[in-house]
Structures are given as C-alpha cells and as structure tokens.
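Have a look at the structure below before the remarks.
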Amino acid sequence: MPSILEELPRFFNYYNSIFLAKAFLYTLVLSFVGCGVGFLAGFVLAILRTRRINRWAGLRWLATLWVEVWRRIPFLVKLMVVFFAFQFAGGNVSMFTVAATTIALSASAFSAENIRAGIESVHPNQWDAAETMNMGGLTALRRVILPQAWSVIIPPSMTYSVGLVKSTSIASQIGVLEMTSVAKILNQKGFSAALCFGSILLMYFVICYSLNRLAAYMEVRLALPRNR
Amino acid sequence: MPYLEIDNLSADYGKVPVLQDINLAVERGEIVSIIGPSGSGKSTLLRVLTGLLKPRAGSVAVAGEKLRYDSPKDLRRAREKFAIVFQQFNLFQNMTALRNVTIAPTIVQKRKAAEVEAEARALLEKVGLSHRIDAYPDEMSGGQQQRVAIARALALKPDILHLDEVTSALDPELVSEVLDTIRLLADDGMTMMIVSHEMGFVREVSSKVVFMADGRVVEVGPPEQIFDNPQTQRCTDFVSRILRH
Ligand SMILES: Nc1ncnc2c1ncn2[C@@H]1O[C@H](COP(=O)(O)OP(=O)(O)O)[C@@H](O)[C@H]1O
Ligand SMILES: [Mg+2]
C-alpha cells in the first residue's frame, strides 16, 4: 500500500495524465460514434423490416440477413472481419475507424431488433387510425408510434451500449490506443498494475455509470406524458 | 347519380375472398346500416373504402368522382372522402383528447392551428366532452374515448362517415351516450355507413339496411322490410335469431 502511495505522483505525471486522458476520450468517442451511427442504422433496418411495403421486399430480406448474421458473431471476430474487409477493399484506414465501424455494426444489428420490438409493441390499430387519416408512414412513426415505443426501446439499448463500451477494450487487440491498451503500456513501463488498471477501472465505471443515468433520465423524459 | 356508389367491389385477404361483388348506393344525407353475422365482411368493406385494404376489383365513386386505390396519391384522395370510427376507438394513446382531434387537420391537412383548435373544442363540446379536453385516452371511460374518436373523425370533414361497431366494445351502460352522439350527427344530415348490432338503433336511424353474409350483400331494403318482412331466407334466419334475445 505505501509503495502505491509513493508511486502515485510519479504515475500521474504530466505525460501519463495526458496519455490516460487521451485514452479516455478515445474510448468515449469510439463508443459514442459507434453507438450513435449504429443506432441510426438500426432505425433504418427496423423500419425496413416492420413496414410491409412490397417494393421493399428485397431490402427487407437483406436487412433481415444483416441483423441475423451480425447478432450471432462475437465482437473480436467482427473486429477481424471488418479489419480484413477494409484491407481487402484496399482502404488505408486507421484502427480507430476499424473499431468504430465494428461497434456501429454490432449496435446496428442489436438496435434493429430492439427498435423493431418497440415498434411492434404498439397496437397495430394505431397505424390503422393514422393511415385512414392520411398520415404518411414516417409521420405516423414519429408522432404516434415511437412516442409509445420508447419505453420498450431505451432500457435494452442502454444496457447494450454499456456492454459495447466494455467491448471497446477488445479493440486494444488491434492496437487502438483506447483505455485498456494504455493501461497495458503503462504497466509494461513499470508502473504497478494496481494503479494502471485501477485508474482505467474508474474511468470505465464513470462512462458506464453516466450512461445508466442518461438512460434513466431519457426514460422519464420520453415516457408517455401521463407516466411522468 | 348516388352520392356514394359501390360497383362490384371485391377484396381478398391473401388468397381468401372476403368481399365478393358488393353493389351499394348511398344518397347524400342517408344513413345506411350494415348488419350480418360475424365474419361476413362488414368491417372489411369499411376497411376497403377507407383505404386500409386494396380492393381486387370493382369501383367506388363519391359524388361522381371515381376513387382509385392504387398509387399513394389516389389513396390519399380516396381517404380524404371518408373518415372511420373503429370498434376499439384507436385513439392515439400518447395524445390528449384535444390533440387527437387536432393532429390530422393541422399535420395532414395543414390548416391553421388556431382555427383547427377552435373547431376541435366545439366538436368536443358537441360530443359532451368539454371537461375532458386534456385527458389522455387511458384516463377516460370507453364511452368518452369513443366520443373523442367521433369528434376526431368529424374534424377531418369527411364526405361520408363510417362507424364500425362503435358500441360493441363498451360496457352496456355506456352504449346510450355514444348512440346519442350519433343521433346528433344524423340530425345534422351527416352521410353515414353504420355497422352495428344495436338493432333497435339501426331500425330507428337508418334509411336503408344492408344485410351481408359470406362477403356478399344478400338483401337491401328499408328497415321495415329487413326486420319485419325479409325477402331472403338467410336474412329471415339472422333477424329472427338476433331479435329473439
Ligand atoms: N387481417 C385479416 N387477415 C385474414 N383474414 C381476415 C382478416 N380480417 C378479417 N379476416 C377474415 O375476413 C372475413 C371477414 O371479416 P370481417 O370483415 O372482420 O367480418 P365482420 O366485420 O363482418 O365480422 C372473416 O372470415 C375473417 O376471418
Ligand atoms: Mg367487424
């Protein structure tokens, strides 16, 4: 214990602090961009799959394939697939892009299912009423269906996002300088494991706990008015 | 020329024929009731007219204008002619009574918000719900919800109003408040097609009663004919069965 206390000032020197802060930001941006893009893509996929429009049949089939395949593959494998897909395509992209794409891909497949479940939890007679009143599909979705679906969509989305934040640590495997890789590097430089991993443990906790709080807040904000 | 003219209208669910060669004429201001056993296609007929199910064949015209149910544009045009009130009310659960009434006129018909709101308040007063303007559907009784649904349909200013078993989901003591509301509309000269099992009411308000069975119109006539002197065996059986209890 005393040795750790002695080590503390040395560990949090200027260079290491910047290094850790950067990793923190990296993880944060990686998660945010990945989850954000993934959620939006999931939305499009969910709409493709729930609306029975005949001229969309081909797209619907593709959307189903996409969702069913990516949901069943472990994160590390998806990471490799994306990595090699970029290589194959000849794109010279950063490891950050590879990791963010993988997260977006995971999130899109999960969100698609989750948003679809939310949309389907709303009674179909709500669509009927909107349709006979000449509301377009997207208007009905935005004004009538989604407001009733958020309470189903948000909790699992947030749980999943927290899981993805944790999965970003796997991106250290391909050399993304996120929090876990930085902890490993500092540890190899001779700083004690307790400090290296203790500090990123704290940072993961901060991110994930904030996400949980955000989820709780959104649930209240987006709840049907009478349930507030 | 009749106000609403339905010619040889047919529709299927998947491959199953549900409506077959429906012919029907409704004059302006007329109230036509549709009766018949469950599963005979009454709801389906209204769903086809209001653009929820594409017809397979036949034609529909309102005031001489032929309605098509093909392109999105045709569908919009057809739906502008009609409004429908459903058995299960189908009020938007996330909106107050007032918002339920104002949303389509403002969002879809793009009319002025202030004007629409004034009209909506008047309509809600007409159906006896001035005091529940800010209530959400699940805070209201079934009878109140159904009256909001009627106000919502009227706010669209339809040429013809369709009512599909609007009292069937209500507790018995709430039926009369909804029927009273429909009587008000009848007094205003609203053209209506009413699917109902309330035979006393049907007899009272209808100018014409349509008896349907197995997706076909079996008999059409004034209420006295259908209830007292039906011309077909199926109608006789149905009426005697239903009037006995
Ligand atoms: N969504 C549907 N899919 C398939 N068949 C249906 C559907 N809705 C109704 N039907 C069938 O169509 C027929 C007519 O139904 P409906 O119009 O609801 O009758 P009614 O309103 O007279 O009771 C019934 O045989 C019913 O089983
Ligand atoms: Mg029915």
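For segment B:150-183, filtered to residues that are touching a strand residue (DSSP E or B) at 6+ places or on another chain (Cβ under 7 Å) and within 16 Å of ligand 2 (Cβ to nearest atom), the residue that is nearest to the other protein chains (Cβ to nearest Cβ) is B:162.
Taking segment B:95-111 as the range and being free of Cβ contacts under 8 Å to residues at least 24 places away in the same chain and either facing chain A (nearest Cβ under 8 Å) or crowded, with 24+ Cβ neighbours inside 10 Å (or both) as the test, the residues that pass are B:103, B:107, B:108.
Every listed requirement among (1) facing another protein chain (nearest Cβ under 10 Å); (2) touching a residue at least 60 places away in the same chain (Cβ under 8 Å); (3) surrounded by fewer than 20 Cβ atoms within 10 Å (Cβ to Cβ); (4) not acidic (Asp, Glu) is met by residue B:135 save one, (2). Give segment B:69-93 a look and list any residue that's under 18 Å from residue B:149 (Cβ atoms) and without any contact (Cβ under 8 Å) to a residue 40 or more places away in the chain, or say none. Hit for segment B:69-93 is B:79, nothing else. Per the conditions (1) within 16 Å of ligand 2 (Cβ to nearest atom); (2) more than 27 Å from residue B:220 (Cβ to Cβ); (3) not in a loop (DSSP other than H, G, I, E, B), the sole criterion not satisfied by residue B:143 is (1). Does residue A:42 fit the bill of being surrounded by 18 or more Cβ atoms within 10 Å (Cβ to Cβ), more than 30 Å from residue B:77 (Cβ to Cβ) and within 14 Å of another protein chain (Cβ to nearest Cβ)? No: the conditions fail for residue A:42. Taking residue B:88, is it closer than 19 Å to residue A:133 by Cα, within 16 Å of ligand 1 (Cβ to nearest atom) and surrounded by fewer than 19 Cβ atoms within 10 Å (Cβ to Cβ)? Spelling it out, residue B:88 is indeed closer than 19 Å to residue A:133 by Cα, within 16 Å of ligand 1 (Cβ to nearest atom) and surrounded by fewer than 19 Cβ atoms within 10 Å (Cβ to Cβ). Candidates A:114, A:92: the one that is outside any helix (DSSP H, G or I), away from chain B (no Cβ under 14 Å), within 30 Å of residue A:174 (Cβ to Cβ) and polar (S, T, N, Q) is A:92. Residues that are closer than 23 Å to residue B:150 by Cβ, surrounded by 17 or more Cβ atoms within 10 Å (Cβ to Cβ), within 12 Å of ligand 1 (Cβ to nearest atom) and not hydroxyl-bearing (Ser, Thr, Tyr) do not occur anywhere in segment B:21-28. The numbered conditions (1) touching a residue at least 24 places away in the same chain (Cβ under 8 Å); (2) surrounded by 15 or more Cβ atoms within 10 Å (Cβ to Cβ); (3) among the small types (Gly, Ala, Ser) are all true for residue A:172 except (1).
A short reminder: the numbers here are calculations on the coordinates, not readings from a lab. Source: prediction; values computed, not measured. No Cβ is skipped: glycine too gets one built from the backbone with ideal geometry, and neighbour counts run over all protein chains shown.
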